[in-house]
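Enquirer: Got a structure for you, written out below as structure tokens; questions coming shortly.
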Amino acid sequence: MNPVAAALDRLNNLLGPTGARLVAVSKYQSDERVIMAYEAGQRIFAENRVQELLAKKARFPSDIEWHFIGHLQSNKVRMLLPAVGLIHSVDSPALLEQINHESLRMGLQTNVLLQVHIAQEEHKFGLKAPEVLPLLNRCAEGAFEGVRVGGLMGMASLCHDDLQIGGEFSGLSTLFNEAKSRFGARLPDFNELSMGMSGDYALALQHGSTLVRMGSALFEADALHS
Ligand SMILES: *Cc1c(COP(=O)(O)O)cnc(C)c1O
């Protein structure tokens, strides 16, 4: 078995009992490694730059579902929408409005998650937690018919403090559950909690993650362990 297939196998065994799905973050990876994951059965891949997502979508098999996980600039929205299966990183009300507007113009409904700022680092993107429920309320009232709001996404602080990271995931999970109980009936697609990367996925799974976004642990596991 090639190293990517072996890592994928291990990760899927870990995820199996939790029901969470693996999003393979293919940014910076060679085509050869991406294809190894594809041939081992992986079908959801993610990129953090629009041009790169479009280029990869054009040259890889068409049954891949491409997710976008980076900060989305407004001048790239129109290019991205027809190509993307899920945007994890809607980090402002203005961006949600723009995605909605362009989706309606193109006759699309775009799947999105709201990215919430949960880390200590100031420079990271995301809605502030208190902005989330009011924005979801507008969604539930039908203000954004061009989008399907599928849940929340967050990135924990880049640190090695499990208590800190666990606290951040726990806070996001509480917000997700609160939102689901308030708006779930009117937002039936609100089911996903995208949290966890290679360094912190175990903690994310403990706190109810449904989508883990993994790059290095999947594609570079052999390098990391050798
Ligand atoms: C790069 C990236 C990941 C994957 O990071 P790894 O540590 O390689 O697993 C996950 N989420 C986002 C938003 C990223 O930009």
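Enquirer: In the list Gly151, Gly142, which residue meets the criterion of being on the phi > 0 side of the Ramachandran plot, within 16 Å of the ligand (Cβ to nearest atom) and modelled with pLDDT of 95 or more? Give the derivation first.
Expert: Numbers: Gly142 fails: within 16 Å of the ligand (Cβ to nearest atom).
Gly151 is the lone residue from the list that is on the phi > 0 side of the Ramachandran plot, within 16 Å of the ligand (Cβ to nearest atom) and modelled with pLDDT of 95 or more.
Enquirer: Pick out the one residue from Ser103, Ser92, Ser26 that is in contact with a helix residue (DSSP H, G or I) (Cβ under 7 Å, 6 or more places away or on another chain), closer than 25 Å to Val132 by Cβ and polar (S, T, N, Q).
Expert: Details: Ser92 fails: in contact with a helix residue (DSSP H, G or I) (Cβ under 7 Å, 6 or more places away or on another chain); Ser26 fails: closer than 25 Å to Val132 by Cβ.
Of the residues listed, the single one that is in contact with a helix residue (DSSP H, G or I) (Cβ under 7 Å, 6 or more places away or on another chain), closer than 25 Å to Val132 by Cβ and polar (S, T, N, Q) is Ser103.
Enquirer: Could you tell me whether any residue of segment 78-87 is under 21 Å from Met195 (Cβ atoms), part of a loop (DSSP other than H, G, I, E, B) and in contact with a strand residue (DSSP E or B) (Cβ under 7 Å, 6 or more places away or on another chain)? Outline the logic, then answer.
Expert: Of all residues in segment 78-87, those under 21 Å from Met195 (Cβ atoms) come to 84-87.
With part of a loop (DSSP other than H, G, I, E, B) added as a condition, the list becomes 84-85.
Adding the requirement that they be in contact with a strand residue (DSSP E or B) (Cβ under 7 Å, 6 or more places away or on another chain) leaves 84-85.
Yes, segment 78-87 contains a residue that is under 21 Å from Met195 (Cβ atoms), part of a loop (DSSP other than H, G, I, E, B) and in contact with a strand residue (DSSP E or B) (Cβ under 7 Å, 6 or more places away or on another chain).
Enquirer: Here's something else I'd like to know. Could you go through segment 81-89 and let me know if any residue there is more than 30 Å from Cys159 (Cα to Cα), buried (at least 23 other Cβ atoms within 10 Å of the Cβ) and touching a residue at least 24 places away in the same chain (Cβ under 8 Å). Show your work before the answer.
Expert: Filtering segment 81-89 for residues more than 30 Å from Cys159 (Cα to Cα) gives 81-85.
Now narrow it down to the ones that are buried (at least 23 other Cβ atoms within 10 Å of the Cβ): 84.
Imposing the further condition that a residue be touching a residue at least 24 places away in the same chain (Cβ under 8 Å) reduces the set to 84.
Within segment 81-89, one or more residues are more than 30 Å from Cys159 (Cα to Cα), buried (at least 23 other Cβ atoms within 10 Å of the Cβ) and touching a residue at least 24 places away in the same chain (Cβ under 8 Å).
Enquirer: Can you tell me which residue within segment 122-143, out of those that are in contact with a strand residue (DSSP E or B) (Cβ under 9 Å, 6 or more places away or on another chain) and part of a loop (DSSP other than H, G, I, E, B), is surrounded by the most Cβ atoms within 10 Å (Cβ to Cβ)?
Expert: Looking at residues that are in contact with a strand residue (DSSP E or B) (Cβ under 9 Å, 6 or more places away or on another chain) and part of a loop (DSSP other than H, G, I, E, B), I get Gly126.
Enquirer: So which of Ala6, Ala20, Ala40, Ala46 ends up being touching a helix residue (DSSP H, G or I) at 6+ places or on another chain (Cβ under 9 Å), within 13 Å of the ligand (Cβ to nearest atom) and among the small types (Gly, Ala, Ser)?
Expert: The conditions single out Ala46.
Enquirer: Next question. Among the numbered criteria (1) surrounded by 15 or more Cβ atoms within 10 Å (Cβ to Cβ); (2) not in a helix (DSSP H, G or I), which one does Glu97 miss?
Expert: With (1) surrounded by 15 or more Cβ atoms within 10 Å (Cβ to Cβ); (2) not in a helix (DSSP H, G or I) applied to Glu97, the lone miss is (2).
Enquirer: Considering segment 24-37 alone, what residues qualify as being within 13 Å of the ligand (Cβ to nearest atom) and either free of Cβ contacts under 8 Å to residues at least 40 places away in the same chain or not in a helix (DSSP H, G or I) (or both)?
Expert: Ala24, Val25, Ser26, Lys27, Tyr28, Gln29
Enquirer: Same structure again: Are any residues in segment 129-143 under 21 Å from Phe169 (Cα atoms) and either touching a residue at least 60 places away in the same chain (Cβ under 8 Å) or of a type in the set (D, E, K, R) (or both), and if so, which ones? Steps first, please.
Expert: Step one: of segment 129-143, the residues under 21 Å from Phe169 (Cα atoms) are 129-136.
The one that is under 21 Å from Phe169 (Cα atoms) and either touching a residue at least 60 places away in the same chain (Cβ under 8 Å) or of a type in the set (D, E, K, R) (or both): Glu131.
Enquirer: Residues in segment 52-70: is at least one more than 14 Å from the ligand (Cβ to nearest atom), among the charged types (D, E, K, R), at pLDDT 95 or above and assigned to a loop (DSSP other than H, G, I, E, B)?
Expert: Yes, that holds for at least one residue.
The values are calculated or read from the model by the stated rules, or taken from the named source; none is laboratory data. Quantities reported herein were computed from a predicted structural model and do not represent experimental measurements. Here Cβ is always computed from backbone atoms with ideal geometry, including for glycine, and neighbour counts include all displayed protein chains.
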